[in-house]
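Here the structure comes first, spelled out in structure tokens, and everything after it is commentary.
The values are calculated or read from the model by the stated rules, or taken from the named source; none is laboratory data. Everything numeric in this text was worked out from a predicted model, so none of it was measured. Cβ sites come from the backbone with ideal geometry, for glycine too, and all protein chains shown count toward neighbours. Only protein heavy atoms, including side chains, enter the accessible area calculation; ligands, DNA and RNA are left aside. Shrake-Rupley method; radii C 1.70, N 1.55, O 1.52, S 1.80 Å.
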Amino acid sequence: MFKKFNYLTLALAGAFLLTACGGSSNKGGSSDELTFNDSLANAAPLELSEEVMSDVIQNISSPVEMASLIKSTGVDFSQKILNKPEQIDNYNTSFKRALNLGVYSADLGYINTFDKNTIVVSYLVSIKSLAEGIKVGQFFDFNSLKRLATNSNNLDSLMQISISSFNKMDSYLRNQKRSNVSSLIVTGAWIEGLYISGKVIEQTNNKSLINRMAEQKEIINILEIILNNYSNQPNFAELSERLAKLKTAYQGVKITTEIGEPKTMEVDGKLVIVQDEISHIEVSPEQITAIISEINALREFIVS
């Protein structure tokens, strides 16, 4: 079953990452500002309309949804599969910072889902550094996040705060004609969620997790549309080429969709009707092995 998520709500909201900080801002004039000649400095804005983009990418699975499914398999938490916090020293372009902001956000969602509060702070520090490096640190309140993320009882409220704040960040990036930054955060978070899932599948061969990974076939074309919009930039072109290899691995997966019964749910104090879609998946063990192999390669490119 697919759950609907707004374009950029999924990445950092899924990781309980961002919260409003009422008037704080980044200091100008640092070497981290996007004035140097890297792939995000002068990229063209999206040619697709906001309405089309919102409709096209609403099916991307949230990293925290993936993390919850992973936990339900009964597999033990494994920190060694996550990106190491000290790796941030290697990310000295805005391209790498944005991608790995997504990666660390997915890692943090995994950490919080398993209530591993002892390592939360080190990941928050890394995320804060990357957010400031791409000039979105004004949306990051480290003290509030530390307080909320280290108490599992606050996770629901933290998720809601994060969704609201991440939408504000997305709006800011779009207004600044920096949708390319948002697209990289989403890509990084999505790939990291699949990478962690692949490690668990290799241990458990869990059918639900395999099906969820197979469902992601429908996301490849979405990301291609987004990333190809910036293909005139060298780093984006390479990322798109690597994504194309993953798309090839997914080609044999068959997905059919059945429309379920509509349900009502409360969103921001209002009742809304949600149309469920039930996906039926046909995927072989060999196909999943090939998919995981390409995910691993793409993830290595992102975090290296």
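Since only Pro285, Met265, Leu184 are under comparison, the one whose Cα sits farthest along the positive direction of the charge dipole of segment 168-291, derived from C-beta charges on Lys, Arg, Asp and Glu, is Leu184. For Asp115, the solvent-accessible surface with a 1.4 Å probe is about 70 Å², rounded to the nearest 10.
What's the extension gain from Lys270 to Gln176 if we count 0.36 nm per residue and subtract their Cα-Cα distance?
On the way: separation 94, 0.36 × 94 = 33.84 nm, distance 3.12 nm.
That pair, Lys270 and Gln176, stretches by 30.7 nm at full extension.
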